[in-house]
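Undergrad: Got a structure for you, written out below as structure tokens; questions coming shortly.
The values are calculated or read from the model by the stated rules, or taken from the named source; none is laboratory data. All values reported here derive from a predicted model rather than from experimental measurement. Glycine also receives a Cβ, built like all others from the backbone with ideal geometry; neighbour counts cover every protein chain displayed.
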Number of protein chains: 2
Amino acid sequence: MLNKSPLQIARQSYLPKMPVALLGHVALREGKSTESVADQAEIKRLFPNTYGMPFLSFEPAKKGDIPVHTEKPIRVGVILSGGQAPGGHNVICGLFDALKKLNPDNQLYGFLGGPSGLVDHKYKLLTDQIIDEYRNTGGFDIIGSGRTKLEQPEQFDSGIEICHELGISAIVIIGGDDSNTNACVLAEYYRQKDCGIQVIGCPKTIDGDLKNEMIETSFGFDTACKTYSELIGNIQRDANSAKKYWHFIRLMGRSASHIALECALQSQPNVCIISEEVQANNMTLNDVVSEICKVIVARAEKGLNFGTILIPEGLIEFIPAMKSLIQELNDLLANNDEFVALEGDDIKREYVKSALSDEARELYRSLPRPIAKQLTMDRDPHGNVQVSLIETEKLLIEMIRKRLAKMTAEGTYHGKFATQNHFFGYEGRCAIPSNFDADYTYSLGQTAAGLIAAGKTGYMAVVRNLTAPAAEWKAGGCPITMMMNIERRNGKAKPVIQKALVDLNGRPFTYLKQNRELWANSDTSYIYPGPIQYYGPSEVCNQPTRTLKLEHEK
Amino acid sequence: MLNKSPLQIARQSYLPKMPVALLGHVALREGKSTESVADQAEIKRLFPNTYGMPFLSFEPAKKGDIPVHTEKPIRVGVILSGGQAPGGHNVICGLFDALKKLNPDNQLYGFLGGPSGLVDHKYKLLTDQIIDEYRNTGGFDIIGSGRTKLEQPEQFDSGIEICHELGISAIVIIGGDDSNTNACVLAEYYRQKDCGIQVIGCPKTIDGDLKNEMIETSFGFDTACKTYSELIGNIQRDANSAKKYWHFIRLMGRSASHIALECALQSQPNVCIISEEVQANNMTLNDVVSEICKVIVARAEKGLNFGTILIPEGLIEFIPAMKSLIQELNDLLANNDEFVALEGDDIKREYVKSALSDEARELYRSLPRPIAKQLTMDRDPHGNVQVSLIETEKLLIEMIRKRLAKMTAEGTYHGKFATQNHFFGYEGRCAIPSNFDADYTYSLGQTAAGLIAAGKTGYMAVVRNLTAPAAEWKAGGCPITMMMNIERRNGKAKPVIQKALVDLNGRPFTYLKQNRELWANSDTSYIYPGPIQYYGPSEVCNQPTRTLKLEHEK
């Protein structure tokens, strides 16, 4: 019986590269006090105890500095929150190693199955042996993850209970924007209650939408995008060899199109839809179809009846008319027993059509039948359409097929349109972390330990200067309140970390914009990234994403 | 503008490892004369000029040997036939380098777009510069591929015309079983016509179904399986982290289940269906559903409501009842204008039901609606169901969902059944070849050149002893007639290379059989192979497939 692949075995002994500042004795430098990105007065009012704290940097301790240390042994809890991202295990390993370095008697507990582990008192003590099993591995299986939201005082109090019981004086929450928002609320609550529990966040998400002036990138984005780009590149080579298929490739990434954009920069497909641009230009679904058809027709005229099209999974939500239709359907069908009782697809369809507004009805009628049906069938427990389940790539294929058939009849298109469709998401969320993500996350864990030892709370661990070699990375802490603003969520004004969408004035998108016509029309501008390499020449195995590089270009 | 990824650039300078026998001056040793695997008399009658030739081995030339050489400069043509497989470019590079080593004035022409390039006289001269662009790359884009079958004397004669025009005295056909069958027919025809054109085959296909006593594996199988296994491993890590989805993963591979089996050996999923076993046990679709449900229910009892299930794309064809249903539908619906004229899904469905035999009707009724509809809608130009388009993974999901719902109602199942589905094929056919495939194909190309220089025709280039280090590989030639037997194809008896299905008595399948209960039921036996590595420790970057290793175990 085998237990591990050769690569799994080899990766166990990989030593993550670290910033020089974290290697020896570490001193903490305090910057100026901070303000939130917006709604300062309101955020300050909501976070009286954790607002305005200074930005923190770790530096090698000099003579006279008191290095960061723990007087007595401490116990720390760690939580993995939300969707998996490559590197989560290494945050925990970095945290563990740094705690043990500070004091071999320090202990790390993992709360099991996400934030609910804290609330429901499910945990395990992490030992050397356990940690060694998970070094440089993908997945969140070391302690599991979950999507329970920490938002209620009862949850917070239940957390105090178990922390006090176990002697835990600090919690590290590894999560995306929502989880870190919750970490901030928890930090504030615990500070206010003076219960002796610090809370530190870590920026995780493959979606890349947790980034700002302080967070250069969330971890996992690098590995996930490289894994998807490997596949896209392989498909492009296939397209360019067989010369007979248009490949429609939908990519995970929730609302934001960062993943699609990064994959496009890595692989140079013929088309890459960016939801933020669709919205900015107030495009309809028909407009998107037209844009794609333009490329297909132009290539067909050169005899190139093949290509690749990247589609961000959030697209649908960024098309104003689709958003309205979905809203109307949600209002109409939530808990609608009359609809449920109807029998037969055609009868249900007529029922829906008769109840929609004129505009929504028109759009609904224009959708391919299976998609229209999907919009009325697959609903979440609240009766809402599950947007992420909509197979946008198939929707586009069907609409494009129809359009091209019309153009063929009119004599304006003479190509062949055969398609393949793909959806990539689960293929990358638990990949073995790239060297970049393995290094970055290990440093994040070490940084979190430093912030804990320094007695901080309400901070997110940050590691910056990420396009430089790891030795030159800058580690520190950023008050989570600094990233917050007030947004309406489910009808209520709430303090939340601003979600980063693709910046249409940023360098990554600009690069796409400047090159996409060439990529669309040239015989092939495809790049074939190949699989993530962990060994070999540094330019092959130690590169950050193209997004990071472009954002850092002078 | 970027043109290439760092890995693309780095791989250009990779030097494929070669058998010692091919490095210096090479001598040819003739073995005993051969017989076809079956139907000897008939094959001999059909191939009077190429039957019974000896097996050939290349060895380092010793004192007194006349090394393999070309007296005068020669010109060779090469054809890529059928679906892409990683390493095709390296066959051409190996062939090119060996020809140039024999005589710098030797020339290599590529026929464009597959066998049709020979027939339609589409070709290009391959230069150093072109070859260097394609070293160690995936894809077939150097000259393109195609699926035209070389079967008609007019095609053969058209080939003679262009070969004589260009001065080409040998053609190398890189293809699967059918293409090599055709290569054999072509060789026989050209020998019979005494037109001075040799024909050499090379064993290509990711499907792994071109193998026999002489061919240890077809090229591309290694890279494709490793690419799919990377993804399966990543998905398994995700499944084991999120603990909420059953992932149904359909894998390319045509009829044979070699790819599914190899991926299972590499990743140890909870279930792997092997079509050949389904057929041997005369299982129905319901039996397959039952087998899978057994695993799902057993895991649910332990609280494990997640897992992975591998499904070979050919499954449907191996279920006798499904095969009959498809046959009936083909007979019923081919060129059936009456059916086409019917309007409405329900009416079409009733029409079909009324025309089927009782048994077929029963099965048709039991299928999920969208699949039943697919069986009557998506048809190839001959009116036949396109079996490869049937989304077997979704078919199984729907049937299992129904079964589990029934079991829940009966109180025999208490789990949650949420699913994700995947289909992997195009993701691996054009991957950058693994070191194994890069080495193997380069050696195959070199071997083909040797066979040409030695004046041979009707041979397939073979490289054996593949589980040993490349230096110890054995290169030679095998008469293609040796692999042939008579089979009925489209109602006619034809000489063809025997297609290799999974051997249910072979070691790879036996290993699966011995371990699958453990893989099904243990908390997790998952292996995470990770992406193909081209650099690093040899055990990480130079391993053959598990199938090859098991087949070679003493």
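Undergrad: Could you count how many residues in segment A:207-258 are in a loop (DSSP other than H, G, I, E, B), aliphatic (A, V, I, L, M) and within 12 Å of chain B (Cβ to nearest Cβ)?
TA: Counting residues in segment A:207-258 that are in a loop (DSSP other than H, G, I, E, B), aliphatic (A, V, I, L, M) and within 12 Å of chain B (Cβ to nearest Cβ) gives 1.
Undergrad: Starting from segment B:304-330, take each residue that is without any contact (Cβ under 8 Å) to a residue 24 or more places away in the chain and list its partners that are buried (at least 22 other Cβ atoms within 10 Å of the Cβ) and not small (Gly, Ala, Ser), counting only C-beta distances under 8 angstrom and pairs at least six apart or across chains.
TA: B:Lys323/B:Ile316
Undergrad: Then there's this: Hey, does segment A:55-70 have a residue that's under 29 Å from the mean Cα position of the chain (by Cα), away from chain B (no Cβ under 14 Å), crowded, with 20+ Cβ neighbours inside 10 Å and in a loop (DSSP other than H, G, I, E, B)?
TA: The answer is no; no qualifying residue exists.
Undergrad: Return yes when A:Lys32 is within 14 Å of chain B (Cβ to nearest Cβ) and surrounded by fewer than 17 Cβ atoms within 10 Å (Cβ to Cβ) and no when it is not.
TA: For A:Lys32, the condition - within 14 Å of chain B (Cβ to nearest Cβ) and surrounded by fewer than 17 Cβ atoms within 10 Å (Cβ to Cβ) - is not met.
Undergrad: Could you tell me whether any residue of segment B:78-94 is in contact with a His (Cβ under 7 Å, 6 or more places away or on another chain) and within 13 Å of chain A (Cβ to nearest Cβ)?
TA: no
Undergrad: Tell me yes or no: at least one residue of segment A:38-50 is touching a residue at least 24 places away in the same chain (Cβ under 8 Å), under 28 Å from the mean Cα position of the chain (by Cα) and within 14 Å of another protein chain (Cβ to nearest Cβ).
TA: For segment A:38-50, residues touching a residue at least 24 places away in the same chain (Cβ under 8 Å), under 28 Å from the mean Cα position of the chain (by Cα) and within 14 Å of another protein chain (Cβ to nearest Cβ): absent.
Undergrad: Looking at the structure I just gave you, is A:Glu161 under 24 Å from A:Asp222 (Cβ atoms), out of contact with any strand residue (DSSP E or B) (no Cβ under 8 Å at 6 or more places or on another chain), part of a helix (DSSP H, G or I) and modelled with pLDDT of 95 or more?
TA: So A:Glu161 fails the test.
Undergrad: If you check B:Arg250 against the conditions, is it out of contact with any strand residue (DSSP E or B) (no Cβ under 9 Å at 6 or more places or on another chain) and either modelled with pLDDT under 95 or crowded, with 24+ Cβ neighbours inside 10 Å (or both)?
TA: no
Undergrad: Hey, could you check segment A:261-278 for residues that are over 19 Å from A:Lys323 (Cβ atoms) and away from chain B (no Cβ under 14 Å) and say which is surrounded by the most Cβ atoms within 10 Å (Cβ to Cβ)?
TA: The selected residue is A:Leu261.
Undergrad: What single numbered condition from (1) surrounded by fewer than 21 Cβ atoms within 10 Å (Cβ to Cβ); (2) in contact (Cβ under 8 Å) with a residue 60 or more places away in the chain; (3) in contact with a Cys (Cβ under 9 Å, 6 or more places away or on another chain) fails to hold for B:Ala85?
TA: Condition not satisfied by B:Ala85: (1).
Undergrad: Considering only segment A:1-29, state which residues are touching a helix residue (DSSP H, G or I) at 6+ places or on another chain (Cβ under 7 Å), of a type in the set (D, E, K, R) and surrounded by fewer than 16 Cβ atoms within 10 Å (Cβ to Cβ).
TA: Once the filter is applied, which keeps residues that are touching a helix residue (DSSP H, G or I) at 6+ places or on another chain (Cβ under 7 Å), of a type in the set (D, E, K, R) and surrounded by fewer than 16 Cβ atoms within 10 Å (Cβ to Cβ), segment A:1-29 yields nothing.
Undergrad: Now for a different question. Any idea which of A:Leu395, A:Leu451, A:Leu444, A:Leu389 is surrounded by 23 or more Cβ atoms within 10 Å (Cβ to Cβ) and modelled with pLDDT under 95?
TA: A:Leu395
Undergrad: When you check A:Lys149 against the structure, is it among the basic types (Lys, Arg), closer than 24 Å to A:Lys499 by Cα and surrounded by 22 or more Cβ atoms within 10 Å (Cβ to Cβ), yes or no?
TA: no
Undergrad: Something else about it: Return the total of residues in segment A:113-154 being touching a Gly at 6+ places or on another chain (Cβ under 7 Å), not small (Gly, Ala, Ser) and not in a helix (DSSP H, G or I).
TA: Residues that pass the stated criteria total 10.
Undergrad: Hey, can you tell me all the residues within segment B:164-176 that are in contact with a Lys or Arg (Cβ under 7 Å, 6 or more places away or on another chain) and outside any loop (DSSP other than H, G, I, E, B)?
TA: Matches in segment B:164-176: B:Leu166, B:Ile168, B:Ser169, B:Ile174, B:Gly175.
Undergrad: For segment A:186-197, which residues satisfy the criterion of being touching a residue at least 40 places away in the same chain (Cβ under 8 Å) and surrounded by 24 or more Cβ atoms within 10 Å (Cβ to Cβ)?
TA: Within segment A:186-197, A:Ala187, A:Tyr190 qualify.
Undergrad: Please verify whether segment B:300-307 includes one or more residues that are away from every other protein chain (no Cβ under 14 Å), at pLDDT 95 or above and not in a helix (DSSP H, G or I).
TA: For segment B:300-307, residues away from every other protein chain (no Cβ under 14 Å), at pLDDT 95 or above and not in a helix (DSSP H, G or I): present.
Undergrad: Does segment A:163-185 hold any residues that are more than 12 Å from A:Ile79 (Cβ to Cβ) and buried (at least 19 other Cβ atoms within 10 Å of the Cβ), and which are they?
TA: Passing the criteria: A:Ser169, A:Gly176, A:Asp177, A:Asp178, A:Thr181, A:Cys184, A:Val185.
Undergrad: What number goes with the only condition from (1) over 29 Å from A:Arg403 (Cα atoms); (2) more than 35 Å from the chain's Cα centre (by Cα) that A:Asn384 does not pass?
TA: (2)
Undergrad: Now a separate question. What tally of residues in segment A:354-380 results from selecting those that are over 19 Å from A:Ile400 (Cβ atoms), at pLDDT 90 or above and buried (at least 16 other Cβ atoms within 10 Å of the Cβ)?
TA: Matching residues across segment A:354-380 total 4.
Undergrad: Under the condition of being outside any strand (DSSP E or B) and surrounded by fewer than 24 Cβ atoms within 10 Å (Cβ to Cβ), which residue from segment B:418-434 is nearest to the other protein chains (Cβ to nearest Cβ)?
TA: Once the filter is applied, the top-ranked residue is B:Tyr426.
Undergrad: Go through segment B:91-112 and give me each residue that's farther than 29 Å from A:Ile232 by Cα and assigned to a strand (DSSP E or B).
TA: B:Gln107, B:Leu108, B:Tyr109
Undergrad: Continuing with this model, one more query. Suppose we filter A:Leu2, A:Leu15, A:Leu7 for residues that are assigned to a loop (DSSP other than H, G, I, E, B), within 14 Å of another protein chain (Cβ to nearest Cβ) and over 25 Å from the mean Cα position of the chain (by Cα); which single one remains?
TA: Within the list A:Leu2, A:Leu15, A:Leu7, the selection yields A:Leu2.
Undergrad: Follow-up. Residue by residue through segment B:35-47, note down the ones that are assigned to a loop (DSSP other than H, G, I, E, B) and either crowded, with 16+ Cβ neighbours inside 10 Å or in contact with a His (Cβ under 7 Å, 6 or more places away or on another chain) (or both).
TA: Within segment B:35-47, B:Ser36, B:Val37, B:Asp39, B:Phe47 qualify.
Undergrad: In this structure, does A:Gln152 turn out to be closer than 23 Å to A:Lys204 by Cβ, without any contact (Cβ under 8 Å) to a residue 12 or more places away in the chain and not charged (D, E, K, R)?
TA: Yes, satisfied.
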